[in-house]
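The next block holds one structure in the form of structure tokens; read it before the comments.
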Amino acid sequence: MKNLPNNSSFDFSALGTMCQWERQKALYLMQVAEEIGIEYADSYGCIAVNNTSGYTYLLCEDYSFTLYMPINCGLTLDHVFVSYTNMENGQEYEERLSVFIEMASDPERRHIFNALDAIQQWTEEVESGNGENWII
């Protein structure tokens with residue numbers, strides 16, 4: 001993982017208040033985010049635990065989605081979820097990150113270059129009302 005910038009507007013402060021398991025998930029989310037090309041360290045956002053659900057999440061305002069991990073999970077890509085909320089109607093959508101990684105490696109989907117590209121295309125489709133049938 002990269003060294004974190006001193007002048008970052010990304011809020012890492014919750015790491016100090018997390019229990020060990022939450023912190024492990026947070027660090028895993030940060031690693032996964034970097035691996036798929038999310039540049040969070042120089043952005044406005046946070047890594048934290050949702051007080052209501054107990055889920056550990058990474059939010060970066062440069063992206064229209066959030067990465068999260070539920071309470072009971074393993075440190076695997078199958079347990080990392082992508083969440084998108086349609087700001088027009090408040091409807092929430094989620095999908096396993098592994099689905100987007102598989103899409104990016106599918107030769108039938110040559111227009112998708114990587115997992116981040118697949119996620120961004122999915123959020124655009126959801127926003128336009130076509131997202132529910134986009135992932136097969």
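Here, each number is a calculation from the coordinates, and none is a lab measurement. In this text, all values refer to a predicted model and were calculated from it rather than measured experimentally. Counting neighbours? That spans all protein chains shown, and the Cβs are built from the backbone with ideal geometry, glycine included.
Taking the C-alpha atoms only, the angle from helix 115-127 to the longest principal axis of the chain is near 70 degrees.
Under the shape rule built on the C-alpha gyration tensor, where the axes satisfy a ≥ b ≥ c, the range 46-111 is oblate, since a/c reaches at least 1.5 while a/b does not exceed b/c.
Calculate, for residue 102 and residue 61, the FRET efficiency according to 1/(1 + (r/R0)^6) with r their C-beta to C-beta distance and R0 30 Å; round to the nearest 0.05. Once the sixth-power term is evaluated, E becomes 0.65.
By DSSP, the beta bridges lying fully in the chain are antiparallel in about 90 percent of cases. Site-free segments of the chain were taken between GluC sites (Glu not before Pro) in DSSP loops having at most 14 other Cβ atoms within 10 Å, sites themselves excluded; the longest one is 89-136. Taking Cα atoms only, the orientation of helix 20-36 departs from the longest principal axis of the chain by about 40 degrees. Around residue 56, under 15 Å between beta carbons, what's the net of Lys plus Arg minus Asp minus Glu among the other residues? That works out to -1. Calculated mean residue ellipticity, 222 nm, the chain: -9000 deg cm²/dmol, from DSSP H runs (n ≥ 4) at -39500 (n - 2.57) each, averaged per residue and rounded to 500.
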